[in-house]
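The values are calculated or read from the model by the stated rules, or taken from the named source; none is laboratory data. Because the structure is a prediction, the values reported are computed rather than measured. Note that we place each Cβ from the backbone using ideal geometry, even for glycine, and neighbour counts take in every protein chain shown. Surface accessibility is based on the protein's heavy atoms, side chains included, excluding ligands, DNA and RNA. Shrake-Rupley method; radii C 1.70, N 1.55, O 1.52, S 1.80 Å.
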Amino acid sequence: MIMTVRGAVDRKEIGKSLVHEHILVDFSSAEEQIVIDDNLRNDIVEVMLPYLVEIKELGYNSFFECTPKYVGRDVKILRILSEKTGLNIITNTGFYGAGEDKHVPKKYRQLSPEDFAEMWINEWKNSIEDGIKPGFIKTAVNPGPLNDIDEKLIRASAFAHLETGLTVACHTGEKQCALEVAKIFEEEKVDLSALIIVHSDAIEDFDVHLELLDRGAFLEYDSVGARPIEYHLNLIERVIKEGFIDRILISHDAGWFTVGKPKESQNIRPYTDISYKLIPKLVERNIGEDIINRLLVDNPGEAFDIRVRRR
């Protein structure tokens, strides 16, 4: 199954999906997060609703919202938007360690991996609020060797997966931290099919892509439209040639209503470059509907299906 902000659905019902997008973000530290009241919530819904209506009209059924707690997560907004559009919107549990760990509250930094995991397991068992449950675990690490907090967050993610079956999407974008994250999952006896390496398209060494794919992880090429379209076309063609297309996820990492900026000055990037730019180019290169369907429907269903995956 897949857990949405309006409840569980069968994975066969998620249809065409965008696996890494944002409705809102707040990049201030965990201690400085802006409280989202009803007025701000209404502004965010007003600004973001047309962008979601547009992708619904393009045939998308599901939208994975990747903003974690202490980076602006507001599940009430997500449920309102889901009800207004009919989209399956999926939120997350977990903590975000990138940005030098400023989104991990200082009061929690001495906790053990088991303590972190328990907080996230509690959101799965008892809901985040108002009965809204997470559909995956979102975490993040800094580039290079994992620091102490990052390592604890990754072990906690592995522990929480083994308890909940929630897939872990980990922000990396750099080869050393990505490989270290995968190694910790293997040490904790979690099959790498439970791990999505977020921002894999930022890892320049394609041999690292192949290593992670061969070990079983999902790779997320999630900056479509932020780079020249040829970049992602070439990546996808290389993965097809190597036989790993069943492990690739694509998205835009777009949206981003920035909390703290007036609604009139928001600069929102639409969620449409896959539909308007990437897919036509894939078709031009004789990449068929079966591959496109796998990228947008089959692979998301497989990646986010809630089940425990042990080594």
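Restricting attention to segment 77-88, report how many residues are within 15 Å of the chain's Cα centre (by Cα) and closer than 20 Å to ASN126 by Cβ.
1
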Condition broken by SER127, with the remaining ones in (1) open to solvent by less than 50 Å² (accessible area, probe 1.4 Å); (2) out of contact with any Ser or Thr (no Cβ under 9 Å at 6 or more places or on another chain); (3) closer than 16 Å to ILE36 by Cα satisfied: (3)
Hey, among GLU129, GLU100, GLU118, which residue is modelled with pLDDT under 95, over 17 Å from the mean Cα position of the chain (by Cα) and not aliphatic (A, V, I, L, M)? GLU100
Can you find a residue in segment 196-208 that is in a loop (DSSP other than H, G, I, E, B) and in contact with a strand residue (DSSP E or B) (Cβ under 9 Å, 6 or more places away or on another chain)? yes
Taking the conditions exactly as written (surrounded by 24 or more Cβ atoms within 10 Å (Cβ to Cβ), of a type in the set (A, V, I, L, M, F, W, C) and at pLDDT 95 or above), does ALA140 satisfy them or not? yes
Do we find a residue being part of a helix (DSSP H, G or I) and of a type in the set (Val, Ile, Thr) anywhere in segment 20-37? no
Restricting the search to segment 176-202, which residues are open to solvent by 10 Å² or more (accessible area, probe 1.4 Å) and under 18 Å from HIS232 (Cα atoms)? HIS199, ALA202
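For segment 10-33, give me each residue that is touching an Asp or Glu at 6+ places or on another chain (Cβ under 8 Å) and open to solvent by 20 Å² or more (accessible area, probe 1.4 Å). Explain how you work it out, then say what you get.
First, the residues of segment 10-33 that are touching an Asp or Glu at 6+ places or on another chain (Cβ under 8 Å): 11, 19-24, 33.
Within segment 10-33, ARG11, GLN33 qualify.
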Answer yes if at least one residue in segment 38-53 is touching a residue at least 60 places away in the same chain (Cβ under 8 Å), outside any helix (DSSP H, G or I) and over 20 Å from the mean Cα position of the chain (by Cα), and no otherwise. no
Could you list all residues from segment 167-196 that are charged (D, E, K, R), without any contact (Cβ under 8 Å) to a residue 40 or more places away in the chain and more than 10 Å from LEU146 (Cβ to Cβ)? GLU174, LYS175, GLU187, GLU188
Please verify whether segment 211-220 includes one or more residues that are part of a loop (DSSP other than H, G, I, E, B), in contact with a helix residue (DSSP H, G or I) (Cβ under 9 Å, 6 or more places away or on another chain), open to solvent by less than 10 Å² (accessible area, probe 1.4 Å) and of a type in the set (D, E, K, R). no
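Tally time: how many residues in segment 54-63 are β-branched (Val, Ile, Thr) and either open to solvent by 70 Å² or more (accessible area, probe 1.4 Å) or assigned to a loop (DSSP other than H, G, I, E, B) (or both)?
First pass over segment 54-63, keeping only residues β-branched (Val, Ile, Thr): 55.
Then drop every residue that is not either open to solvent by 70 Å² or more (accessible area, probe 1.4 Å) or assigned to a loop (DSSP other than H, G, I, E, B) (or both), which leaves none.
Number satisfying all stated conditions: 0.
A quick yes/no check of all residues on (1) touching a residue at least 12 places away in the same chain (Cβ under 8 Å); (2) in contact with a Leu (Cβ under 7 Å, 6 or more places away or on another chain):
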{"position": "ILE240", "(1), (2)": "yes, no"}
{"position": "ILE245", "(1), (2)": "yes, no"}
{"position": "PRO262", "(1), (2)": "no, no"}
{"position": "ILE279", "(1), (2)": "yes, no"}
{"position": "ALA303", "(1), (2)": "yes, yes"}
In the list LEU153, LEU146, which residue meets the criterion of being modelled with pLDDT of 95 or more and either over 23 Å from PHE27 (Cα atoms) or open to solvent by 10 Å² or more (accessible area, probe 1.4 Å) (or both)? LEU146
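Tally the residues that are in a helix (DSSP H, G or I) and surrounded by fewer than 21 Cβ atoms within 10 Å (Cβ to Cβ), restricting the search to segment 240-260.
So the first thing to find is which residues in segment 240-260 are in a helix (DSSP H, G or I), and the list is 240-242, 245-247.
The next check asks that each one be surrounded by fewer than 21 Cβ atoms within 10 Å (Cβ to Cβ); those that pass are 240-242, 245-246.
Number of matching residues: 5.
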Some residue of segment 67-83 being open to solvent by 20 Å² or more (accessible area, probe 1.4 Å) and of a type in the set (Gly, Ala, Ser): no
